[in-house]
Amino acid sequence: MIQREAAVRAVEEQLERDYQQWRAVGPDAVKMAVVHVEEHELVWIVSWQSEEFARTRNWKSMLIGNGPYLVDRVDGGLHRIGVLSSATGAWEDDYRARIRGLPVRTPVDDLHDALREVAAAHGRMHAVRTLRQRLPVLSPAEAIEYVSALPAGDPPARLVAVATRELVEPLDPVFAVQTVVSGAVVQGGQGPDA
């Protein structure tokens, strides 16, 4: 388990690397500092700001548009998100699914639940009609195959892929989590320690 201090240290090291890179490009590089750390069930959310603003609170030195870093509480992976993703919490599903590999409920899961309820209450053919209303791209035969497979488990993968394509909105890259240092690299001893 990654502790708060290790998370702060990981972000401070990244901020220093960023500063050195910007300094190599031009003389206007600005030093950054960690200004706030928030505990989340999955990560440490580490906010940062210009060092001058952190010291003086002079709004003229304040950076705008810098989203926080996320430090995974299990493997120490370092990630970054944008301001909009941070403000809306939209990063969480992406993080759970793509970074942690955890299941995330989607509209396809809601469809399956609805079809099971309709089938239980009104029969399989009503469930087929419901499916065809929600997914008109499926042929009647495919809809019957889909609904018939639900009670035993999952419908055929090719049909679930169609449902996913039709019902699940692709993730807007603005809300995506960017990995800076993967947890595997950190676990290999090249990142923050626990």
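The values are calculated or read from the model by the stated rules, or taken from the named source; none is laboratory data. All figures in this text were calculated on a predicted structure; none of them were measured in a lab. Positions of Cβ are backbone-derived with ideal geometry, glycine not excepted, and every protein chain shown enters the neighbour counts. Protein only, heavy atoms only, side chains kept; ligands, DNA and RNA dropped before computing areas. Shrake-Rupley method; radii C 1.70, N 1.55, O 1.52, S 1.80 Å.
Largest mean-square fluctuation among Asp110, Asp18, Asp75, in a Gaussian network model of the chain whose springs join Cα atoms under 10 Å apart, belongs to Asp110.
Remark: the range 37-91 carries 50 Å² of accessible area per residue (probe radius 1.4 Å; ligands, DNA and RNA excluded).
For the range 63-178, the convex hull drawn through the C-alpha positions has a volume of 130 cubic angstrom per residue.
When ligands, DNA and RNA are left out and all protein chains stay put, how many square angstrom of accessible area per residue does the range 103-155 have with a 1.4 Å probe?
It amounts to 58 Å² per residue over the range 103-155.
Once C-alpha pairs closer than 8 Å and six or more residues apart are averaged by separation and normalised to the residue number of the chain, the relative contact order reads 23 percent.
Take the solvent-accessible surface of the protein heavy atoms, probe 1.4 Å, and return the percent of it on the chain that carbon and sulfur atoms account for.
Carbon and sulfur atoms account for 53 percent of the accessible area of the chain.
Springs join every pair of Cα atoms under 10 Å in this Gaussian network model of the chain, and among Gln49, Gln21, Gln178 the largest mean-square fluctuation is at Gln21. Across the range 97-111, computed HN-Hα scalar couplings (Karplus, 6.51 cos²θ - 1.76 cosθ + 1.60, θ = phi - 60°) run 6, 7, 8, 8, x, 8, x, 10, 5, 10, x, 5, 4, 5, 4 Hz from first to last residue, x flagging Gly and Pro. Once every DSSP H run of n ≥ 4 in the chain is given -39500 (n - 2.57) and the sum is divided by its residues, what mean residue ellipticity at 222 nm do you get, rounded to the nearest 500 deg cm²/dmol? Helix contribution divided over all residues of the chain: -13500 deg cm²/dmol. Taking 25 °C and 0.890 mPa s as conditions, the chain diffuses translationally at an estimated 124 µm²/s according to Stokes-Einstein applied to its Kirkwood radius (Cα pairs). Within the listed set His112, His122, His40, the residue fluctuating most in the Gaussian network model of the chain (springs between alpha-carbon atoms under 10 angstrom) is His122.
With a simple spin-label model that places each label point 7 Å from the Cα along the Cα-to-Cβ direction, the separation between Ala33 and Glu5 comes to 2.0 nm. Separation of the range 13-64 and the range 98-138 by C-alpha centroid, Å? What the calculation gives is 46 Å, centre to centre.
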